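Every number here is computed from the coordinates shown, using simple stated rules; none is lab data. Only a predicted model underlies this, so the values are computations on that prediction, with no experimental measurement involved. Glycine also receives a Cβ, built like all others from the backbone with ideal geometry; neighbour counts cover every protein chain displayed.
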Amino acid sequence: MFFAIVAIDRPGVTEVRASTRPAHREYLKAPPQGVTYRLGGPLLAPDGATPIGSLLVIDAPDLATAERFSANDPYSKADIFAEVSVTHWDWGTGNPDKR
């Protein structure tokens, strides 16, 4: 099942986000067993450059696994998010597995 993880940064965490980014990227490269990272990237402020959150899409067997994946992300552990939602998502258009 696919899950969309949408996380919005707390104010004033730009430096923490930048310093945690390498660990976050490594986590995505080698996710826990049972999880496949599909796509993601930062949500941006109106200036088109300043990160204000994250959007990830993962493939996981169930909601509990997706929530654990989100909670163990280095960004989450660094407490940069004001809010996080983990929601079932149906990948319709553009899914590379359904060509």
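Name the residue, out of ASP62, ASP47, ASP79, whose mean-square fluctuation peaks in a Gaussian network model built on the chain with Cα pairs under 10 Å.
In this elastic network of the chain, the residue with the biggest mean-square fluctuation among ASP62, ASP47, ASP79 is ASP47.
What spacing in nm lies between the two simple spin-label points modelled at THR14 and THR36, each 7 Å away from Cα in the Cβ direction?
3.8
Please compute the modelled spin-label separation between THR93 and PHE2, points set 7 Å along Cα→Cβ, answer in nm with one decimal.
1.2
Return one number: the angle in degrees, 0 to 90 and rounded to the nearest 10, between the long axis of the Cα atoms of helix 14-29 and the longest principal axis of the Cα atoms of the chain.
Result, in degrees: 20.
Nearest 10 degrees is fine. How inclined is helix 63-72 to the longest principal axis of the chain, computing both from alpha carbons?
With rounding to tens, the tilt is 30 degrees.
Taking H placed 1.01 Å from N in the peptide plane, check which residues at least 5 places from ASP9 or on another chain put their amide H under 5 Å from its amide H.
Under 5 Å from the amide H of ASP9 lie the amide H atoms of GLY53, SER54, ALA82, each far enough along the sequence or on another chain.
Starting from the Cα coordinates of the stretch 2-90, work out the convex hull volume and express it per residue in Å³. Mind dumping the intermediate values first?
On the way: hull volume 8.0 nm³, N = 89.
For the stretch 2-90, the hull spanned by Cα atoms encloses 90 Å³ per residue.
Each label point is 7 Å from the Cα along the Cα-to-Cβ direction; what then is the distance between the points at LEU44 and ARG68, in nm?
Spacing of the two 7 Å Cα→Cβ label points: 3.5 nm.
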